[in-house]
Structure formats: C-alpha cells, structure tokens
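Have a look at the structure below, then the notes.
Any read-out appearing in this document is the output of simple, stated calculations on the displayed coordinates, not a laboratory observation. Predicted model only: the values in this text are computed from it and were never measured. Neighbour counts run over all protein chains shown; Cβ positions are idealised from the backbone, glycine included.
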Amino acid sequence: MPLRTLRTVVRPWREADREPLAAMFADPVVMHDHPAPLTRAESDARFDRYAGAYRRLGFGRMALERADGKFLGLVGVMPIHETHAAAGAGVEIGWRMIADAWGHGYASEAAAAVLDDGFTRCGFAEVLSYTSPTNLRSQAVMRRLGMMRDTSRDFSYEAEGVRYDNVVFVARPDGRAAT
C-alpha cells in the first residue's frame with residue numbers, strides 16, 4: 001500500500017486527514033444523499049472505523065488524493081454493513097469525493113485500482129456497490145468499472161425514520177454478471 005494510478009494515490013489514513021475528511025463530510029453538496037452533513041464527531045467516528053478496518057482486515061475505505069497530494073476524498077472496500085445485509089454478505093466498494101473533484105474521472109480511476117487490488121491481493125469473489133436510484137453519478141462510475149446491475153439484490157432500509165432505497169451493482173474478477 002498505497003495504490004497508485006496515473007493521477008491518484010489511494011492510501012491508509014493519517015491523522016492529518018481528519019480535518020479535510022471532516023470538511024468534506026460537512027459539505028451539504030457532497031452529502032446530498034444523507035439526511036444531513038456529518039458533525040465533526042460523526043466524521044471522526046467514521047475516520048476511526050475506516051482506519052480500524054484497514055488495520056484489522058488489510059483493506060477498507062482509504063484516503064484518496066491526487067498524485068500531487070491534494071485531498072480528494074475516500075475510496076475503498078468495506079464489509080457490508082448490517083443495515084445493508086439484504087444486498088448479500090461480503091464486501092462493497094464505495095467512494096465519496098470533495099465537490100471540486102467531481103467530473104474529472106478520479107473516482108473511476110481510483111476505484112478501478114481498488115477493485116483490482118481486491119480481486120488480486122484480497123481474493124474477493126465479488127464486490128458489490130449500491131446507491132440510491134437517483135444517484136446517477138455513482139451509477140455511472142459503477143458502469144465505467146464494468147459492474148453489472150443486479151436488480152435481485154436491490155434493497156431498502158430505514159434509519160432515523162428515513163427510508164433509503166438502493167440499487168445494486170456487482171463486480172466479479174472474471175467480469176461475468178452474478179447468476
């Protein structure tokens with residue numbers, strides 16, 4: 001680790017990442033798919049969970065930066081959270097980036113490297129990704145990654161009185177759709 005692409009670096013978290021991560025999570029534009037932006041305490045809890053997963057598992061959500069060191073956000077594979085268990089067991093890939101980084105292909109570039117690492121180093125048989133039916137930007141990234149839509153795994157859950165619907169995409173190391 002780290003994973004390097006032509007324009008990005010995906011690496012484990014550093015203490016210095018807490019501040020830019022909290023700023024990203026506090027941005028209502030970036031957090032459009034959440035009931036509200038995260039507080040600093042909520043952001044710090046996510047940072048600790050992400051960093052802990054990497055130390056424990058050897059994979060997880062990691063810091064995403066441009067090759068010149070500018071913080072762009074996060075990308076990585078995590079075990080599927082219990083609230084999302086209806087999608088199936090296993091792991092899911094996700095990303096979130098600062099608004100200034102949107103539309104430049106960084107998410108697709110970094111996520112492709114993370115998927116490759118997950119299949120080669122970690123030996124995952126499949127990796128899921130899910131988002132709201134209206135999050136067309138993330139769905140476009142999933143398609144660029146070669147992920148296939150699996151409507152049989154779509155799911156909903158409720159958190160804090162809000163219902164969340166999710167569409168599910170699947171990646172496999174051989175590129176075949178799930179059966």
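Laid out as a table, the results:
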item	result
Cβ-Cβ FRET estimate between residue 132 and residue 14, R0 fixed at 45 Å, reported to 0.05	0.90
Charge dipole (debye, nearest 20) of the chain; +1 at Cβ of Lys and Arg, -1 at Cβ of Asp and Glu	480 debye
Proxy reagent accessibility, fewest Cβ within 10 Å first, across 132, 156, 108, 138	156, 132, 108, 138
Length gained when the stretch residue 120-residue 7 is fully extended (0.36 nm per residue, less Cα-Cα span)	38.6 nm
GNM flexibility winner over the chain from 36, 22, 101 (Cα, springs under 10 Å)	36
Most mobile listed residue (29, 75, 168) in the chain, GNM with C-alpha springs under 10 Å	29
Calculated FRET value between residue 40 and residue 149, using beta carbons and R₀ = 35 Å, to 0.05	0.45
Label point distance in nm, residue 33-residue 157, each placed 7 Å from Cα along Cα→Cβ	1.4 nm
Trypsin sites (Lys or Arg not before Pro) within region 24-88: DSSP coil, no more than 14 neighbouring Cβ in 10 Å	70
